[in-house]
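Notes follow once the structure below has been shown.
The values are calculated or read from the model by the stated rules, or taken from the named source; none is laboratory data. Since we're looking at a predicted model, the values are computed, not measured. No Cβ is skipped: glycine too gets one built from the backbone with ideal geometry, and neighbour counts run over all protein chains shown. Protein only, heavy atoms only, side chains kept; ligands, DNA and RNA dropped before computing areas. Shrake-Rupley method; radii C 1.70, N 1.55, O 1.52, S 1.80 Å.
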Amino acid sequence: MPRASSSSRTSASRSWDAVAEWYLGWSGTRGSIHHRRTAIPLLLDLLAPQPGERILDLGCGPAALAPYIAQRRGTLVGVDRSPKLIEAARRAHRGKGRFLIGDVTALDRVTALESAPFDAATFLLSIQDIDPLTATFAGLRARLAATGRIVIVMVHPCFRVPRQSGWGWDEQRQLQFRRVDRYLTPLSVPMRSTADGRAATRSYHRPLEYYVGVLAEAGFVIDTLREVPAQPVARDSPSPAQRRAETEFPLFLGLRARRAAP
Ligand SMILES: C[S@@+](CC[C@H](N)C(=O)[O-])C[C@H]1O[C@@H](n2cnc3c(N)ncnc32)[C@H](O)[C@@H]1O
């Protein structure tokens, strides 16, 4: 059984509407540089979308994935709880998908979602903002075809723990190391405060075994796992130690899961 994923000790809102302008400023409707260089190629590689396939994108936000699926002649249906981000998706990707306001942890209540099963479901940098996952995957199971697959791209939970990880410099050994202060304990971390300090979203840290367990509990098995370093941002002459650390530590993780054999 997966362990409980979050605590509700702090009172930060879980709505992304309050930070929609900030997110659109950072990511736009085409995705941030990290989306375009790393996360979207990784997701497409694992998904291998085929013409005519119907893809359900959970926590789609402004739906940066939509043009890529349309280009491959698939159909994307995005669901997100933030009306402002869905509005941005509808404006930017007209004719390239359907974008619905809804809570992915209660997919049975997203009434605009058609009943025909989907060929695949995707989480593009959204799963760590969604809670609880048990309900999400249980609902998803009912929406996926028997041969359906789930593709998840997230920041690597072993190396990126919100507020609990980062780079460090070892003077004696002249090397850049990755520092991880906490890992096994699931965390619910308030994030991205606006200028007035009131609105914040939550990010949920869970150890890798949690994802394996919660998928298995819903009847899915992981068949592919990829660990991918972040593409370094352009800057003046990184040192060999920096370059080595950047290629050595995978800051992104991709998973593909399918239904377990009955
Ligand atoms: C980091 S953003 C990623 C958005 C998009 N996938 C992207 O890559 O730009 C996380 C998204 O998850 C959505 N989200 C979080 N919890 C949700 C829930 N329970 N139901 C639907 N969307 C949710 C937020 O509204 C937000 O748009």
Could you tell me whether Q231 is under 24 Å from D170 (Cα atoms), open to solvent by less than 60 Å² (accessible area, probe 1.4 Å) and either at pLDDT below 95 or not in a loop (DSSP other than H, G, I, E, B) (or both)?
-> no
Would you please list the contacts, defined by Cβ atoms under 9 Å and residues six or more apart or on different chains, that run from a residue in the range 57-78 that is without any contact (Cβ under 8 Å) to a residue 60 or more places away in the chain and over 9 Å from K96 (Cβ atoms) to a residue that is near the ligand (Cβ under 7 Å from one of its atoms) and among the hydroxyl-bearing types (S, T, Y)?
-> P62/Y23; P62/S27
Checking R258, R243, R198 in turn, the sole residue that is open to solvent by 40 Å² or more (accessible area, probe 1.4 Å) and modelled with pLDDT of 95 or more turns out to be R258
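Would a scan of the range 123-132 turn up a residue that is among the hydrophobic types (A, V, I, L, M, F, W, C) and assigned to a loop (DSSP other than H, G, I, E, B)? Give the steps one after another, and end with the answer.
Here is the first cut: in the range 123-132, the ones among the hydrophobic types (A, V, I, L, M, F, W, C) are 123-125, 127, 130.
Imposing the further condition that a residue be assigned to a loop (DSSP other than H, G, I, E, B) reduces the set to 125, 130.
The answer is yes, given that some residue of the range 123-132 is among the hydrophobic types (A, V, I, L, M, F, W, C) and assigned to a loop (DSSP other than H, G, I, E, B).
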Of the candidates R94, R98, R109, R73, the one satisfying the condition of being touching a strand residue (DSSP E or B) at 6+ places or on another chain (Cβ under 7 Å), at pLDDT 95 or above and among the basic types (K, R) is R98
Restricted to the range 50-65, and to residues that are closer than 13 Å to A121 by Cα and outside any strand (DSSP E or B), which residue is farthest from the ligand (Cβ to nearest atom)?
-> E53
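Assess whether S126 counts as being buried (at least 18 other Cβ atoms within 10 Å of the Cβ) and more than 8 Å from the ligand (Cβ to nearest atom). If you could, list the steps in order and put the result at the bottom.
On the way: buried (at least 18 other Cβ atoms within 10 Å of the Cβ): yes; more than 8 Å from the ligand (Cβ to nearest atom): no.
Considered against the rule, which asks whether it is buried (at least 18 other Cβ atoms within 10 Å of the Cβ) and more than 8 Å from the ligand (Cβ to nearest atom), S126 comes out as no.
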